[in-house]
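To start, the structure itself, in structure tokens.
The values are calculated or read from the model by the stated rules, or taken from the named source; none is laboratory data. This one's a predicted model, so the numbers in the text were calculated from it and none came from an experiment. A quick note on method: Cβ atoms are made from the backbone with ideal geometry, for glycine too, and the neighbour counts reach across all protein chains shown. The area values use the complete protein model at the heavy-atom level, side chains included, leaving out ligands, DNA and RNA. Shrake-Rupley method; radii C 1.70, N 1.55, O 1.52, S 1.80 Å.
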Amino acid sequence: MTKPVIMTIDDDADVLSAVERDLRRHFRGDYRIMKADSGSRALETAQALSKRNDPVALFLVDERMPQMSGTEFLSEARKLFPEARKVLLTAYADTEAAIAGINAVGLDYYLMKPWDPPEEHLYPVLDDLLATWSAGYRPPFTGVRVAGSRWSPRSHAVKDFLSRTQTPYEWLDVDANGSNRELVESVSPGLRRLPVVFFPDGTTLVEPTSRELAEKIGLQTAATKPFYDLIVVGGGPSGLAAAVYGASEGLRTILVEADAPGGQAATSSKIENYLGFPAGLSGSDLARRATAQARRFGAEVVTPREVAQIRAEHPYRIVTLDDGTELRCYAVLLATGMEVRRLEVPGIDALTGAGVYYGAAVAEAAACREQEVFIIGGANSAGQSVMLFSRYASKVTMLVRGASLKDSMSQYLIDRIEAADNVEVLTRTVVAGVRGTDHLEAIDLRDLDSDEVRAAPANAMFIFIGSAPRSHMAADLVVRDEQGFIVTGPDLLQGGQRPKGWPESRDPFLLETSVPGVFATGDVRHGSTKRVASAVGEGSAAVGMVHWYLETV
């Protein structure tokens, strides 16, 4: 654990050395002693300590310094460390300035020079002040800190990415805390660019992209080889299962995920019907376990990287990434899953990420404490989110287009929702519009039976209204159905005939597409069962078919 800092500042080199010597003699066991020969240098050091979240217990500062007096320094330093004790070293002629400083900067004490012997004039005073400081001291968070506004869409995106990659972070709200604001101002003047992400090594990223964050927290963002046996596109449960089985069975395997491992499943607050987990587990926890398992077997997991296109050049399959990088392989498995369908109502685009969210947005749960939250949708994912946010919000209202939850939700979730005191379900009700200036303030609700529209105050809205397959990268390569789902196996046979252009003397394997060596599993596949367990099963089974295919290459 990092020791708290005692910082002494004096422009007189002899005095500074003497103070440092006496402080080290008495306090070095419990504190780090730091020194500076001017107020400006000390302020730079204090800012660096603040960015690293290193605690400062006490400032011992000479009053009479050129350019910046001790009082002026303390006035700035207390914005960064408001709880630190503040002591002035003064000559007899400076006592009036010291007394004025008690009111101006909340000065805790002033000491007259010389302070010899320190056992009588220095240590007792500082011991008392440090004991008071220690009584209220709580060790600071030592990981990643995200400073921004709750209503900043980019701040939400950063929090969501860190949550989905299970990277611990501390949220610093610049709107609610003055010291947070001062800290961010030193990096992003005028708070024009948010969020600012502070790392334990003292570095910062301002308004970072997901890839910049991924590189900084140590995720793999680029392939290490030019050629693989199997490239898995998509890091949901099906893709992760394929990566685990492919790597464990000796295939040179890489998984490329556009966002964070886990896909849509990672946004689920809880999965309760997955075999072997009677107490349930979160989607992000499942993703973490599976990613670690894949890497342990030697699979590369690259994120966040978008696949732009896939093409076939016999006998190879070529995957082109969003930056033009090409990866070659023998076989490709498409496990790209689904993307959330957007809600098309007036006002929603301007408020997305500022009170309006797609999916569970678990990172926002704590911010909804004692507020009014709306959940849009009636499937299991919406139901799990209702139960999650009901632990924080004063009221959760669920809007369902249908006449009942029974057609779209598991009974165990329906029972829990009905038993929750702060949950209301409005059936045959949809969102007609959203309103707010810089964040969501109200929702217009439309009753589908009466067509009546009424306004309801709202602090946050989470949307689960269905999804569409993410198959655009293979649109020109494989056969898809009218909705964009990828057709595989027996479904490709029309009247007993193999698909047009099929070059093999055999029928397509069960999970193989209209292009040999290109497979599709999970939610993106036509006819799949939209369940985590079936997605995992398909991803696992597809690896066996990849082996069959490789025997023919």
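In what sequence, largest accessible area first, do TYR137, TYR412, TYR109 appear using a 1.4 Å probe?
Values: TYR137 50, TYR412 70, TYR109 105 Å².
In descending accessible area the options line up as TYR109, TYR412, TYR137.
Of the listed peptides 393-402, 154-163, 372-381, what is their order by residue-averaged count of other C-beta atoms within 10 Å, with the highest listed first? List each step's numbers first, then the result.
Values: 393-402: 20.1, 154-163: 22.1, 372-381: 23.6.
Ranking, from highest mean packing down: 372-381, 154-163, 393-402.
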Problem - Cβ-defined net charge surrounding ARG252, 12 Å radius [Lys, Arg +1; Asp, Glu -1] - result: -1
Handout entry: Per-q log10 I(q)/I(0), the stretch 201-286, q = 0.18 Å⁻¹ (Debye; single scatterer per alpha-carbon; no solvent)
Key = -0.92
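Grab the other residues whose beta carbon is less than 14 angstrom from that of VAL206, score K and R as +1, D and E as -1, and report the net.
Working: positive: LYS51, ARG145, ARG154, ARG192, ARG193, LYS216; negative: GLU185, GLU207, GLU212.
Taking every other residue near VAL206 into account, the sum is +3.
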Practice task
Step through the residues of the stretch 268-284 one at a time and calculate ³J(HN,Hα) from phi using the Karplus curve (6.51 cos²θ - 1.76 cosθ + 1.60, θ = phi - 60°), rounding each to whole Hz and writing x for Gly and Pro.
Solution key: 6, 5, 7, 10, 9, 10, 8, 4, x, 10, x, 8, x, 7, 6, x, 5
Handout entry: Distance between the stretch 125-149 and the stretch 490-548 - C-alpha centres, whole angstrom
Key = 58
Practice task
Taking H placed 1.01 Å from N in the peptide plane, check which residues at least 5 places from ALA308 or on another chain put their amide H under 5 Å from its amide H.
Solution key: THR320, LEU321, ASP322
Problem - Surface accessible to a 1.4 Å probe, THR336 within the full protein complex, Å² - result: 20
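Set the bar at 25 Å for Cα to Cα. Now go through LYS406/LYS530; LYS79/LYS113; LYS500/LYS530; LYS225/LYS270 and name every pair that lies beyond it. Please report the intermediate quantities before stating the final value.
Values: LYS406/LYS530 17 Å; LYS79/LYS113 27 Å; LYS500/LYS530 28 Å; LYS225/LYS270 36 Å.
Violating the 25 Å limit, Cα to Cα: LYS79/LYS113; LYS500/LYS530; LYS225/LYS270.
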Practice task
Would you check the accessible area of ILE271, probe 1.4 Å, heavy atoms only, in square angstrom rounded to 10?
Solution key: 10
Practice task
Scan (1) 33, 29, 23; (2) 57, 30, 19; (3) 45, 30, 27 for the value of semi-axes √(5λ) of the Cα gyration tensor in Å calculated from this model and give just the label.
Solution key: (2)
Problem - Cα-projected label distance for ALA222 with GLU96, points at 7 Å along beta-carbon direction, nm - result: 6.5
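What's the carbon and sulfur percent of the chain's accessible surface, probe 1.4 angstrom, rounded to a whole number? All intermediate terms of the calculation are to be shown ahead of the outcome.
On the way: 11840 of 24500 Å².
Summing carbon and sulfur atoms, their accessible area is 48 percent of the total for the chain.
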Fill in the blank from the handout: Counting sequence-distant residues (5 or more places) and residues on other chains, those with an amide H built under 5 Å from that of ALA458 are ALA442, ILE443
Fill in the blank from the handout: Straight-line reach check, LYS3, cutoff 15 Å on alpha carbons, 8 or more apart in-chain or any other chain, hits among aspartates and glutamates -> ASP30, ASP54
Completion exercise
Note, the stretch 375-387: 3J(HN,Hα) by Karplus (6.51, -1.76, 1.60, θ = phi - 60°), whole Hz, Gly/Pro = x, goes 10, 9, x, x, 8, 4, 4, 5, x, 4, 5, 4, 5
Handout entry: With all protein chains modelled, accessible area of HIS526 [1.4 Å, Å²]
Key = 60
Completion exercise
Going residue by residue through the stretch 347-357, the Karplus relation 6.51 cos²θ - 1.76 cosθ + 1.60 with θ = phi - 60° gives ³J(HN,Hα) values, rounded to whole Hz and with x marking Gly or Pro, of x, 6, 4, 5, 10, 5, x, 10, x, 10, 9
Completion exercise
Rounded to the nearest 10, the angle in degrees between the Cα long axis of helix 123-135 and the longest principal axis of the Cα atoms of the chain comes to 30
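Using a 1.4 angstrom probe on the protein heavy atoms only, could you order THR253, THR352, THR529 from most to least accessible area?
Numbers: THR253 5, THR352 40, THR529 85 Å².
Largest accessible area first, the list is THR529, THR352, THR253.
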Problem - Residues THR437 and THR325, FRET efficiency given R0 of 35 Å [Cβ-Cβ distance, rounded to 0.05] - result: 0.25
Practice task
Please list the non-local residues whose amide H lies under 5 Å from the amide H of SER410, H modeled 1.01 Å from N, same-chain partners needing a gap of 5 or more.
Solution key: ASN380
Practice task
Have a look at the DSSP beta bridges in the chain and tell me what percent are antiparallel, nearest 5.
Solution key: 35
Handout entry: Residues of the chain: accessible area per residue with a 1.4 Å probe, Å²
Key = 44
Problem - Cβ-defined net charge surrounding ARG154, 13 Å radius [Lys, Arg +1; Asp, Glu -1] - result: +1
Handout entry: Computed [θ] at 222 nm, deg cm²/dmol, the chain (DSSP H ≥ 4; -39,500 (n - 2.57); rounded to nearest 500)
Key = -9000 deg cm²/dmol
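Largest first, what is the accessible-area ranking of GLU120, GLU551, GLU207 with a 1.4 Å probe? Don't jump to the answer; show the numbers that get you there.
Values: GLU120 125, GLU551 150, GLU207 75 Å².
From most accessible down to least: GLU551, GLU120, GLU207.
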Exercise for the section: On a C-alpha basis, how far is the centre of the stretch 400-423 from the centre of the stretch 1-45 in Å? Whole number, if you could? Expected result: 62
Problem - Spin-label model distance (nm) - GLU452 vs GLU120, 7 Å beyond Cα toward Cβ - result: 8.6
